[in-house]
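These notes are about the structure you will find just below.
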Protein chains: 2
Amino acid sequence: MEHPAITSRKNPLARAAAALGSSAQARREQRRFLCEGARLCEDAALSGVEIESCFFTARARRKYAAYLKSVLAASPEAWQVEEPVAALLSSTKTPQGVFCVCKWPHILQEGVIGFAPRAACLVLEDIQDPGNLGTILRTAEALGVRQVFLLGDCCDPLSPKALRASMGAVFRAGLAREGSAAHLAGLLHSHGYETHAAVPDPGARPVADIDFTKGCHAVFIGNEGNGLRPETAALCRGRVTIPMAGRAESLNAAAAATILLWEMERGKGARGSG
Amino acid sequence: MEHPAITSRKNPLARAAAALGSSAQARREQRRFLCEGARLCEDAALSGVEIESCFFTARARRKYAAYLKSVLAASPEAWQVEEPVAALLSSTKTPQGVFCVCKWPHILQEGVIGFAPRAACLVLEDIQDPGNLGTILRTAEALGVRQVFLLGDCCDPLSPKALRASMGAVFRAGLAREGSAAHLAGLLHSHGYETHAAVPDPGARPVADIDFTKGCHAVFIGNEGNGLRPETAALCRGRVTIPMAGRAESLNAAAAATILLWEMERGKGARGSG
């Protein structure tokens with residue numbers, strides 16, 4: 001099948017797609033995002049993300065034919081683009097040359113909370129680094145925590161860097177933005193959740209002492225440098241910490257989240273009997 | 001106290017220091033490395049790293065006076081440098097303007113194995129990304145695993161990116177390069193260690209099933225993409241895995257290492273009684 005070509009970096013479709021990659025505001029206003037990379041675009045298609053259009057270079061079409069197949073099948077429109085156009089769309093130094101414009105998932109609209117009662121929840125507040133956010137979503141998926149709420153000034157999970165670090169977990173996460181910590185905490189409590197504020201305080205409860213196999217639990221994790229806002233931590237009924245051997249605050253945000261997520265699921269089913 | 005100035009990017013001292021930042025070969029040949037950043041340089045000084053010389057900008061001297069104090073006290077020579085010289089030395093876009101040339105730690109010379117019997121060991125093989133290596137060293141320190149061996153083609157822990165990600169843990173880690181996996185495994189076994197190859201194989205032993213509180217343990221972790229070399233995995237007496245809920249291989253290397261390190265120390269002393 002022949003696809004129409006885009007040869008100029010001034011092409012309005014290419015420019016609109018590039019804006020979705022570079023601007024969180026453009027993503028928010030247009031309710032679309034740009035997905036880059038053969039594997040990530042395939043992941044979007046296979047995960048049921050609504051793809052609107054696809055852009056690929058001639059080189060990518062040969063090299064990534066297997067990935068492109070499901071992407072092209074899911075995309076109502078597709079363009080073959082020249083390398084300089086791919087460079088415009090790309091957020092990496094060496095673009096693979098595969099891109100999709102996708103519809104912003106419904107779930108990321110504020111106020112839409114679709115949470116499955118009794119499943120473990122992760123609440124992230126003010127996470128600033130898209131690499132951290134993506135990595136945490138990837139780890140949450142791998143370990144089986146499927147509900148993640150974004151509070152406060154979390155960075156955009158649909159930015160190119162967050163998408164890349166998430167390895168597509170963003171597409172499959174039960175992800176919701178929530179404006180009010182008090183509203184979310186109230187909702188969790190009314191559904192019988194135990195809420196835990198993760199704090200770097202040796203006086204809080206060591207995470208390994210909490211029996212996450214009983215009841216249902218939500219762990220709140222805050223900003224990389226400053227932790228949870230005090231008023232958010234105060235909304236939680238418990239405080240949990242990771243005891244450390246070295247100097248205080250010596251785990252990075254993603255490592256701390258990894259340990260908390262691991263402990264939330266550790267004792268359950270397939271996680272082993274230890 | 002007045003310090004001599006370096007105003008030109010052609011100054012041979014500045015050029016030699018810059019080479020230590022940009023070239024692993026220069027570090028190896030000169031047995032020195034370059035440390036950048038006010039806090040990291042202070043960390044080097046306070047951790048007993050042998051500092052040979054210090055470079056700082058006038059701006060840094062005002063802004064980071066508290067950090068510079070211990071650095072200058074530990075450094076036999078110090079130069080005030082112009083901003084363009086700082087840009088030459090820096091591996092970041094916005095340099096703080098504080099740098100030290102330090103002696104390569106004795107421990108990183110191959111064949112020097114100074115390991116404390118009965119303490120947990122981490123063995124890393126072919127870790128390619130300096131950010132991953134630094135993060136893993138930082139996490140190991142935070143969780144109390146103090147002996148780390150580097151096997152095969154691990155990247156340089158003294159590169160600017162690894163140092164930065166380690167938040168100074170490189171300076172304090174019991175770190176040793178070892179050329180032969182067979183020699184290291186033999187040594188560990190002769191000292192009574194149980195050796196575990198970390199593998200993404202659901203048939204291996206789930207990590208939570210291993211009682212790390214009994215005996216002493218060494219966990220071997222391999223390359224980000226390819227895992228351990230088969231011949232290295234075969235040297236280990238056991239195989240350990242992290243059971244995953246999502247798709248296979250969906251944890252990144254640093255997250256997997258975090259979970260393994262956490263489990264190695266989880267049941268011990270201060271880690272909580274759970």
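Pull up the stretch A:121-139, narrow it to residues that are surrounded by fewer than 21 Cβ atoms within 10 Å (Cβ to Cβ) and not polar (S, T, N, Q), then point me to the one that is farthest from the other protein chains (Cβ to nearest Cβ).
Result: A:Asp126.
Out of all the residues in the stretch A:39-72, which are among the aliphatic types (A, V, I, L, M) and not in a loop (DSSP other than H, G, I, E, B)?
To start, the set of residues in the stretch A:39-72 that are among the aliphatic types (A, V, I, L, M) comprises A:40, A:44-46, A:49, A:51, A:58, A:60, A:65-66, A:68, A:71-72.
Listed by number, the residues that qualify are A:Leu40, A:Ala44, A:Ala45, A:Leu46, A:Ile51, A:Ala58, A:Ala60, A:Ala65, A:Ala66, A:Leu68, A:Val71, A:Leu72.
Take A:Leu228 and tell me if it is assigned by TED's automatic domain parsing to the domain that holds A:Arg205, modelled with pLDDT of 80 or more and closer than 17 Å to B:Ala256 by Cβ. Steps first, answer last, please.
Working: assigned by TED's automatic domain parsing to the domain that holds A:Arg205: yes; modelled with pLDDT of 80 or more: yes; closer than 17 Å to B:Ala256 by Cβ: no.
Considered against the rule, which asks whether it is assigned by TED's automatic domain parsing to the domain that holds A:Arg205, modelled with pLDDT of 80 or more and closer than 17 Å to B:Ala256 by Cβ, A:Leu228 comes out as no.
Read through the list (1) at pLDDT below 95; (2) buried (at least 22 other Cβ atoms within 10 Å of the Cβ), then give the number of the only condition that A:Cys54 fails.
(1) is the only condition that A:Cys54 fails.
Kindly provide the set of residues from the stretch A:236-247 that are part of a strand (DSSP E or B) and surrounded by fewer than 17 Cβ atoms within 10 Å (Cβ to Cβ), ordered by number.
Narrowing the stretch A:236-247 to residues part of a strand (DSSP E or B): A:238-241.
The answer is A:Gly238, and nothing else.
Being closer than 16 Å to B:Lys161 by Cα and in a loop (DSSP other than H, G, I, E, B): is that true of B:Gln96 here? Write out each step before concluding.
Values: closer than 16 Å to B:Lys161 by Cα: yes; in a loop (DSSP other than H, G, I, E, B): yes.
Judged against the criteria, B:Gln96 is a match.
Could you tell me how many of the residues in the stretch A:84-108 are modelled with pLDDT under 95 and of a type in the set (A, V, I, L, M)?
Looking only at that region, the number is 2.
With the structure loaded, tell me whether A:Ala169 is on the phi < 0 side of the Ramachandran plot, within 13 Å of chain B (Cβ to nearest Cβ), modelled with pLDDT under 95 and out of contact with any helix residue (DSSP H, G or I) (no Cβ under 8 Å at 6 or more places or on another chain) or whether it fails that test.
Taking the combined requirement at face value, the residue does not satisfy it.
Go through the stretch A:175-193 and count every residue that is surrounded by fewer than 18 Cβ atoms within 10 Å (Cβ to Cβ) and within 21 Å of A:Ala256 (Cα to Cα).
0
Before we move on, is B:Gln80 polar (S, T, N, Q), at pLDDT 95 or above and more than 23 Å from A:Met244 (Cα to Cα)?
yes
Answer with yes or no whether A:Ala26 is over 19 Å from the mean Cα position of the chain (by Cα) and at pLDDT 95 or above.
Criteria not met by A:Ala26.
From the residues in the stretch B:215-235 that are farther than 14 Å from B:Leu151 by Cα and touching a strand residue (DSSP E or B) at 6+ places or on another chain (Cβ under 9 Å), which one is surrounded by the fewest Cβ atoms within 10 Å (Cβ to Cβ)?
Ranking the candidates gives B:Gly215 first.
Mind listing whichever residues of the stretch A:172-183 are modelled with pLDDT of 95 or more and within 10 Å of A:Leu150 (Cα to Cα)?
Hit for the stretch A:172-183 is A:Ala181, nothing else.
Here is a list of conditions, (1) at pLDDT 95 or above; (2) crowded, with 22+ Cβ neighbours inside 10 Å, and B:Arg266 meets all of them except one; can you say which number that is?
Only one criterion is unmet by B:Arg266, namely (1).
B:Ala142: among the aliphatic types (A, V, I, L, M) and within 11 Å of chain A (Cβ to nearest Cβ), yes or no? Write out each step before concluding.
Working: among the aliphatic types (A, V, I, L, M): yes; within 11 Å of chain A (Cβ to nearest Cβ): yes.
Yes, satisfied.
Of all residues being surrounded by 23 or more Cβ atoms within 10 Å (Cβ to Cβ) and without any contact (Cβ under 8 Å) to a residue 40 or more places away in the chain in the stretch B:154-166, which is nearest to the other protein chains (Cβ to nearest Cβ)? Just the residue, please. Before you say what the answer is, go through the steps one by one.
Step one: filter the stretch B:154-166 for residues surrounded by 23 or more Cβ atoms within 10 Å (Cβ to Cβ), giving B:157-160, B:162-163, B:165-166.
In the following step, the residues that additionally are without any contact (Cβ under 8 Å) to a residue 40 or more places away in the chain were identified as B:162, B:165-166.
Working: B:Ala162: 14, B:Ala165: 8, B:Ser166: 10 Å.
Here the answer is B:Ala165.
What number of residues in the stretch A:131-171 are closer than 25 Å to A:Glu29 by Cβ and of a type in the set (D, E, K, R)?
Selection size over the stretch A:131-171: 4.
Exactly one condition in (1) in contact with a strand residue (DSSP E or B) (Cβ under 9 Å, 6 or more places away or on another chain); (2) at pLDDT 95 or above; (3) outside the structural domain of B:Cys41 (by TED's automatic domain parsing) is not met by B:Gly134; state its number.
Single failed check for B:Gly134: (1).
Just to be sure before I move on: is A:Ala204 within 13 Å of chain B (Cβ to nearest Cβ), touching a residue at least 24 places away in the same chain (Cβ under 8 Å) and surrounded by 24 or more Cβ atoms within 10 Å (Cβ to Cβ) in the structure I sent? Walk me through it before giving the result.
Numbers: within 13 Å of chain B (Cβ to nearest Cβ): yes; touching a residue at least 24 places away in the same chain (Cβ under 8 Å): yes; surrounded by 24 or more Cβ atoms within 10 Å (Cβ to Cβ): no.
When the stated conditions are applied, A:Ala204 does not pass them.
For the stretch B:219-247, give me each residue that is within 9 Å of chain A (Cβ to nearest Cβ) and of a type in the set (A, V, I, L, M). Full working, then the answer.
Residues of the stretch B:219-247 that are within 9 Å of chain A (Cβ to nearest Cβ), as a first pass: B:242-247.
Answer for the stretch B:219-247, where residues must be within 9 Å of chain A (Cβ to nearest Cβ) and of a type in the set (A, V, I, L, M): B:Ile242, B:Met244, B:Ala245.
Against the definition (surrounded by fewer than 20 Cβ atoms within 10 Å (Cβ to Cβ) and within 15 Å of B:Arg32 (Cβ to Cβ)), how does B:Glu82 come out, yes or no? It would help to see each step written out before you state the result.
Values: surrounded by fewer than 20 Cβ atoms within 10 Å (Cβ to Cβ): yes; within 15 Å of B:Arg32 (Cβ to Cβ): no.
It is false that B:Glu82 is surrounded by fewer than 20 Cβ atoms within 10 Å (Cβ to Cβ) and within 15 Å of B:Arg32 (Cβ to Cβ).
Residues are listed down the side, and each one gets a yes or a no for (1) farther than 20 Å from A:Ala142 by Cα; (2) away from chain A (no Cβ under 14 Å); (3) outside any loop (DSSP other than H, G, I, E, B):
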{"position": "B:Leu175", "(1), (2), (3)": "yes, yes, yes"}
{"position": "B:Leu187", "(1), (2), (3)": "yes, yes, yes"}
{"position": "B:Glu194", "(1), (2), (3)": "yes, yes, yes"}
{"position": "B:His217", "(1), (2), (3)": "yes, no, yes"}
{"position": "B:Leu260", "(1), (2), (3)": "no, no, yes"}
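Being assigned to a loop (DSSP other than H, G, I, E, B) and modelled with pLDDT of 90 or more: is that true of A:Leu150 here?
Numbers: assigned to a loop (DSSP other than H, G, I, E, B): no; modelled with pLDDT of 90 or more: yes.
No.
The values are calculated or read from the model by the stated rules, or taken from the named source; none is laboratory data. As the structure is a prediction and not an experimental result, all values here were calculated from the model. Glycine also receives a Cβ, built like all others from the backbone with ideal geometry; neighbour counts cover every protein chain displayed.
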